[in-house]
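Here the structure is laid out as structure tokens; the discussion comes afterwards.
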Amino acid sequence: MNPVIQEITDRITERSRASRSVYLDRIRRAGEAARAKGPARAHLGCANLAHGFAAAPAEDKPALMGAAKPGVAIVTSYNDMLSAHQPYETYPPELKAAVRRAGGVAQVAGGVPAMCDGITQGRAGMELSLYSRDVIAMATAIALSHDMFDATLLLGVCDKIVPGLFIGALHFGHLPAIFVPAGPMTSGLPNKVKARTRQLFAEGKVGRVELLDAEAKSYHSPGTCTFYGTANSNQALMEVMGLHLPGSTFVNPHTELRHALTEAAGRRAVEITAHGSEYTPLGELVDEKAIVNACVALLATGGSTNHTLHLVAMAAAAGIVLTWDDLARLSEVVPSLTRIYPNGQADVNHFRDAGGMQVLIGDLLDAGLLHEDVLTVAGRGLSHYRSAPALEDGALVWSEVTGGSKDLDVLRPVSEPFSADGGIHMLEGNLGRAVSKVSAVKPEHLVIEAPAKVFDDQLDLLRAFEAGELDGQDFVAVLRYQGPSANGMPELHKLTPPMAVLLDRGQRVAIVTDGRMSGASGKVPAAIHLSPEAADGGPIALVRDGDVIRLDSAAGTLELRVPAEELARRTPGGRPLSDAEWVGTGRELFATFRRMAGHAEQGAGIFGISGAESPHHGPGLGFPAEAGASHLETGLADPAQVGAGARR
């Protein structure tokens, strides 16, 4: 192993020792009971169980009434509005048949919501997006709370859906779980053409008809969007963590291979239950090594910045304490090995055709950058994921991929990386701590020092651009009150086209925000997820128009060039919306989430670290509620005093 990778793994293990121990003790007791007592549903009372199979088909009712066959829960995020999730319409019957043939019985235990960040970009609905991750986790727990099941098949692809399913399932960590992907849509309009059309529209050089035509040719069929945003980052991470069947991640929907892999997932779920020969509980599989492997894959591929939030929250669900400092240190030794849009012009289909996850994982293993000795749904050892699936005479077979990349413009080996370090950097300075995605940023744009232009709403920045107020000048756009405690931490991807226009004109521009920019972030330098956020009294609330800010993504620094004594005299500017103002599009239903949301560094969620809630755990690990959205709890009437009573 690379010594730095091992050092960080050891550090995480030691830091997590108490909470992880409590978590493992809990799921191991549940696992031992499961192995001793047989299928879970056999221990329900007769009335309870009768409710559980009343609507089952005749072919499954005898199995459900009996106590011989393991039960498999299907938790699905199907809807027919999202292209990525539409293929899941046919999965339940396919999976049920596969489970039946393998000697089990499967039921759809529940559904979880799946919203589309692409539809809600720049709109009020986006302010619910990050909160939906925790709603999905709770919905997953509700689906599994019936105590009918011995394994779980999780159907999810996009943004918050996979992390939510992951978190919820880990709270039933004695159950094995397999994520079943749906695959990316086939390649459409080249990403370079799409991005250029967006910029032309932002400049007023093409109209809505032309823009909609370009977007429709890009997002054109069932399957995941093909750029390397959060959805496809999710998929890559599930494979490198051993939660997909090997090679199943980027197979297109509605193909023979896709169907074969779906059926294989159903069969495998039966084999890895407590009643099979290869018991593989999810909570044991997701250990410190698996979390580090996920971080390495994220950095090596220049994946979504959203995972600097999600991975922290996902690890916490397994009793593991992951920090931004861990990611920063890993980024120093993990090279950037892919160029997938927005980090390049290729899409995930091109990445797959260049060798995809099998070549990437194999090379990272050979370089000692991934832990090989891990538990996976395919068996012990990440080397299983060097193999790619294929159909031979109708039978599904896996063969090890021994060659290297077939396209060095898309995928490179560790010995010849696109850059020596990972695509995500951590920034720190007197404004706080932030995340910067650098994999798509040109080297000459990694450092900027310029006056601030302060906005409290992304629409105000867009209006300033449209009015020409941002033309011909260098500046750092400061967009505040966009954090989890203020308005749900929406993605601000709509800012990318206009800011890219200014960058292309030769202006030096950047963004600093306590909001998100997502995996679709592009070439504009940005410091995002700034913590502490403005709504909790963070220094970003003290920035004034004209203040000089230096953003140095290469050195990892973010500095407000204002003397400390002057900052001490300032009072916060602007304010978050009040509960009375933050209404519409269902936002008022999520006011409690604003009050409970943790720091971005804590994962921006409402849950604590599994195991840390135990009275036997001892001090040292807190919960988001202890550092919640103080601006909503102080009762301060004067907007100028927002943040003055912050507990953080």
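The values are calculated or read from the model by the stated rules, or taken from the named source; none is laboratory data. What you are looking at is a predicted structure, and each value in this text was computed from that prediction instead of being measured. Methodologically, a virtual Cβ is constructed for each residue, glycine included, from the backbone with ideal geometry; neighbour enumeration extends over all protein chains shown. When the accessible area is computed, the model is the full protein with side chains, heavy atoms only, and any ligands, DNA or RNA have been set aside. Shrake-Rupley method; radii C 1.70, N 1.55, O 1.52, S 1.80 Å.
Some observations on this one:
- Residue identified as over 28 Å from R412 (Cβ atoms) and surrounded by 24 or more Cβ atoms within 10 Å (Cβ to Cβ) among A300, A260, A274, A264: A274
- Test for A106: is it closer than 28 Å to P62 by Cβ, in a helix (DSSP H, G or I) and open to solvent by less than 20 Å² (accessible area, probe 1.4 Å): no
- Test: residue in the range 411-427 that is within 18 Å of T305 (Cα to Cα), part of a strand (DSSP E or B) and charged (D, E, K, R): no
- Test: residue in the range 251-259 that is outside any helix (DSSP H, G or I), touching a Gly at 6+ places or on another chain (Cβ under 7 Å), aliphatic (A, V, I, L, M) and at pLDDT 95 or above: yes
- For D159, the stated conditions do not hold, so it cannot be described as open to solvent by 10 Å² or more (accessible area, probe 1.4 Å), modelled with pLDDT under 95 and closer than 22 Å to E271 by Cα.
- Within the range 178-222, if we keep just the residues that are aliphatic (A, V, I, L, M) and touching a Pro at 6+ places or on another chain (Cβ under 7 Å), the residue that is surrounded by the fewest Cβ atoms within 10 Å (Cβ to Cβ) turns out to be A202.
- Beta carbons closer than 6 Å, at least 6 apart along the sequence or on distinct chains, pair a first residue in the range 190-217 that is closer than 21 Å to A467 by Cα with a second that is open to solvent by 60 Å² or more (accessible area, probe 1.4 Å) for L211/F201.
- Residue match in the range 225-240 (condition: assigned to a loop (DSSP other than H, G, I, E, B), farther than 21 Å from H174 by Cβ, in contact (Cβ under 8 Å) with a residue 24 or more places away in the chain and among the polar types (S, T, N, Q)): yes
- Complete set of residues in the range 317-332 that are open to solvent by less than 10 Å² (accessible area, probe 1.4 Å) and assigned to a helix (DSSP H, G or I): A317, W324, D326, L327, L330, S331
- When the range 467-501 is filtered for residues that are under 25 Å from P539 (Cβ atoms) and of a type in the set (A, V, I, L, M), the ones remaining, listed by number, are L470, V476, A477, V478, L479, A486, M489, L492, L495, M499.
- Residue check for A378: on the phi < 0 side of the Ramachandran plot, under 26 Å from the mean Cα position of the chain (by Cα) and among the aliphatic types (A, V, I, L, M): yes
- Tally of residues being more than 30 Å from R17 (Cβ to Cβ) and touching a residue at least 24 places away in the same chain (Cβ under 8 Å) across the range 261-300: 13
- Among the candidates R20, R28, the residue that is within 24 Å of the chain's Cα centre (by Cα), touching a residue at least 40 places away in the same chain (Cβ under 8 Å), surrounded by 13 or more Cβ atoms within 10 Å (Cβ to Cβ) and in a helix (DSSP H, G or I) is uniquely R20.
- The single condition among (1) under 29 Å from T585 (Cα atoms); (2) open to solvent by less than 40 Å² (accessible area, probe 1.4 Å); (3) of a type in the set (A, V, I, L, M, F, W, C) that A151 does not satisfy is (1).
- Qualifying positions in the range 54-70 - open to solvent by less than 30 Å² (accessible area, probe 1.4 Å) and part of a helix (DSSP H, G or I): A63, L64
- Filtered residues of the range 333-384 (kept if closer than 17 Å to V292 by Cα, hydrophobic (A, V, I, L, M, F, W, C) and either touching a Leu at 6+ places or on another chain (Cβ under 6 Å) or assigned to a helix (DSSP H, G or I) (or both)): V334, M357, L360, I361, L364, L365, L370, V374, L375, L382
- When residues of the range 111-139 are limited to those that are open to solvent by 10 Å² or more (accessible area, probe 1.4 Å) and among the β-branched types (V, I, T), the one farthest from E491 (Cα to Cα): V112
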